[in-house]
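K.L.:
Here's a structure for you.
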Amino acid sequence: MLLNNTRINQYSCTLQFTILLLASLFLNNPEISAQEQPDQSVELQQLVSKVRQNEALYQNLLFKLNATEIDQAELIEYEGSQPIKRQSTISFIRQGKKFRQQIHTKGQFVLNFTLGLYWLQDGYRASDPAEIHTNETWIRVESGTRENLSLFDGTTFRSFWKESMSDEENEEPPRNQKRGLISDSPSGTLNQTSPHRFLFESEQLPVSLSSFLTGKEAEQAITGKSALTARVTKLGTETFQGLVCTTLQLETFDSTGKPRSRTDLWLSQDRNLIPVRREDFIYHVSKELPISASLVEAWQEVSPGVWFPSQAHTNYYRARVGKRNSEQKPSKRKEYTLESIELTPQLPTDIFTKLDFEAGTPVSVVTDGIRIKHFKQGTEK
C-alpha cells in the first residue's frame, strides 16, 4: 500500500551505491559464520562440507566477464526505443579475503517507476487475485554509463562509483554523479564472482553457498528480521544436461508455519557441486511456474577437475500475469559470458589498495558501522 503510485526519485543516491553504504553501516560481517545446525540430517551436513571444500578451490583467481541485461519494454507503459538493454564488463580478482571488483555498464537504465500493490503481495501478502494491481507501471529510461570500482585489502574497503546519464527523448543535458566510500568492513561482491553463487542475485545470497545451506544462515540470509523461517531439504539425485546433480529445496515459512516460497537447486556432482540450475517460486502466485529460472549453459575447465560457468542466463517472469493466466511471461533476461579466467595469478603488490578518487568526489568514511567523516576529494585538509 505504501508503495502504490509512489515515484522513486531519480536524483537520489542510486541503488547500487546506497547498498554499498548501508552494508558498511549495518552489516559489519556480511559472511555469516558456518555452523552446522542440529536439526540437519547427517547426509545434508556432509553435502555442506563437500560444498565448502569445493568453494576453497576458488580463493585465488582472476577473471573477466561480459553481461547483458534486457528489460521487456512491451510489458510496461513505455513508448521509447526497445528493448531496454544494458551491457557490462566485469573484472574480478580474489586472493583469500582480499578482492578487487570493477564493473563498467553502458546502455539504457530504468531510473523512475511506480510499484503497485502486487509487488508487496508477491512479498508474501495473501490477496484475492482480483485485487492485484490495477494501475499501470510507468517508467523513465535514460541512457548513459555507470562505473564502480571496489577493493578490499583485508583491512580497509574502498569503493568509487560514478555515472553519467541523459534523457535523449527530452534532449536534457547529461547528469553526472559520483561517490566514494572508505570503510573498515567490506561490502559484498557480485554473486557472479563466485561459481557457487553464480546463479543468484547479490541480494538473494549475501553469504557463501555452504553457509547458506546450513539452515540458520539460510534463514538469516533470506529473511533478515522478518517472521519468516527457512528449511533446506536434500531431495535426491537427478541427471540434467548430462550431468548427475544433487537436488535441493529451500523453503520459507511464515510465523504460522505456512509455506510461502521455495528455491530449487541442482548441484552438479561433476562440476565441483556448482549449481547448474535454479528456480524460484512464490506460492500464492504458483507452486508450478517459477518467477525466475537460471541455467548454466556451458562450462570451462580452468584446471584439471576445477570448473567455472562460461555461459549462463536468468529469465524473470511476470508474477501477476502468471497468477492470472497460469502461464509465464518473461519480463527480464540476464546473460553472462566468461571472457577469461586464471587461477593463482601473479598480481601487483598494490592491486588491492590502489584507488584514486577523482577530484571533487564526495567520500564517506565508515568505522564500526558509523559514518565518522564526509569530505570532497581534493578539498580535505
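K.L.:
Are any residues in region 361-378 assigned to a loop (DSSP other than H, G, I, E, B) and either open to solvent by 30 Å² or more (accessible area, probe 1.4 Å) or aliphatic (A, V, I, L, M) (or both), and if so, which ones?
P.N.:
Of everything in region 361-378, those that are assigned to a loop (DSSP other than H, G, I, E, B) and either open to solvent by 30 Å² or more (accessible area, probe 1.4 Å) or aliphatic (A, V, I, L, M) (or both) turn out to be 368, 377, 378.
K.L.:
Moving to a separate point now. Return the pair list, or none, for Cβ contacts closer than 7 Å from residues in region 194-207 that are at pLDDT below 80 to residues that are part of a loop (DSSP other than H, G, I, E, B) and open to solvent by 20 Å² or more (accessible area, probe 1.4 Å), at least 6 apart or on different chains.
P.N.:
202/188; 202/190; 206/30; 206/188
K.L.:
Only one residue in 239, 252 is assigned to a strand (DSSP E or B), closer than 22 Å to residue 310 by Cβ and β-branched (Val, Ile, Thr). Which one?
P.N.:
Only one candidate qualifies: 239.
Each row is one residue, and each column tells you yes or no for (1) within 30 Å of residue 286 (Cα to Cα); (2) within 23 Å of the chain's Cα centre (by Cα); (3) modelled with pLDDT of 95 or more.
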| position | (1), (2), (3) |
| --- | --- |
| 91 | no, yes, yes |
| 99 | no, yes, no |
| 109 | yes, yes, no |
| 127 | yes, no, no |
| 134 | yes, no, no |
| 139 | yes, yes, no |
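K.L.:
Quick check, is residue 76 closer than 13 Å to residue 332 by Cβ, at pLDDT below 95, among the β-branched types (Val, Ile, Thr) and open to solvent by 20 Å² or more (accessible area, probe 1.4 Å)?
P.N.:
Answer is yes for this residue.
K.L.:
Mind checking which pairs have a first residue in region 326-355 that is closer than 26 Å to residue 183 by Cβ and a second that is open to solvent by 90 Å² or more (accessible area, probe 1.4 Å), Cβ under 9 Å, 6 or more apart or different chains?
P.N.:
Matching pairs, first to second residue: 348/354.
The values are calculated or read from the model by the stated rules, or taken from the named source; none is laboratory data. This is a predicted model, so every value here is computed, not measured. FYI the Cβ positions are ideal-geometry reconstructions off the backbone, even for glycines, and counts take in every protein chain you see. Accessible surface areas use protein heavy atoms only, side chains included; no ligands, DNA or RNA. Shrake-Rupley method; radii C 1.70, N 1.55, O 1.52, S 1.80 Å.
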